[in-house]
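Enquirer: Sharing a structure with you now.
The values are calculated or read from the model by the stated rules, or taken from the named source; none is laboratory data. Only a predicted model underlies this, so the values are computations on that prediction, with no experimental measurement involved. Cβ placement follows ideal geometry from the backbone for every residue including glycine, while neighbour counts extend to all protein chains displayed.
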Amino acid sequence: TRYVDEDLNRCYLLSELADDSKATENKERKRAREVDAKLGPKGVPEPRCDLVIDLHNTTAATDVALMMAPDDDFAHELAHHLMSLDKGVRIVNWNTQAD
């Protein structure tokens, strides 16, 4: 599930993942910790995976929006390659201030 009690995507802040008191607060926080344990953990120099692709649909007329951290060089390189193949691809940099 992605949204029963709160938006799963909002449960991946380092402060949320590190707060043990929130670990079993709801389904989304529990799932975020499970995903972080398998793929990360977030914030370590050598995570278990190099890239995570999280696919979503939307009702907005955005064509293909690739959302990524502004300092993720590999993601931007991949995005620019995809943009060369499809002019509808757009890059959206997310705000990294909260993390």
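Enquirer: Does the stretch 57-79 contain any residue that is in contact (Cβ under 8 Å) with a residue 24 or more places away in the chain, touching an Asp or Glu at 6+ places or on another chain (Cβ under 6 Å) and surrounded by 12 or more Cβ atoms within 10 Å (Cβ to Cβ)?
Expert: No - not one qualifying residue is present in the stretch 57-79.
Enquirer: Can you tell which of 64, 44, 92, 35 is within 12 Å of the chain's Cα centre (by Cα) and either in the same structural domain as residue 8 (by TED's automatic domain parsing) or modelled with pLDDT of 90 or more (or both)?
Expert: Values: 64 fails: within 12 Å of the chain's Cα centre (by Cα); 44 fails: within 12 Å of the chain's Cα centre (by Cα); 92 fails: within 12 Å of the chain's Cα centre (by Cα).
Selected residue: 35, the only one of 64, 44, 92, 35 that is within 12 Å of the chain's Cα centre (by Cα) and either in the same structural domain as residue 8 (by TED's automatic domain parsing) or modelled with pLDDT of 90 or more (or both).
Enquirer: So is residue 36 among the charged types (D, E, K, R) and in a loop (DSSP other than H, G, I, E, B) or not?
Expert: no
Enquirer: Here is a further query. Here's a check for you: in the stretch 8-31, which residue that is touching a helix residue (DSSP H, G or I) at 6+ places or on another chain (Cβ under 7 Å) and modelled with pLDDT of 85 or more is surrounded by the fewest Cβ atoms within 10 Å (Cβ to Cβ)? Let's see the steps before the verdict.
Expert: Here is the first cut: in the stretch 8-31, the ones touching a helix residue (DSSP H, G or I) at 6+ places or on another chain (Cβ under 7 Å) are 8, 11-12, 16-17, 22-24, 28-29, 31.
Restricting the remaining residues to those that are modelled with pLDDT of 85 or more gives 8, 11-12, 16-17, 28-29, 31.
Working: 8: 19, 11: 22, 12: 18, 16: 19, 17: 21, 28: 21, 29: 21, 31: 15.
Going through the qualifying residues, I end up with 31.
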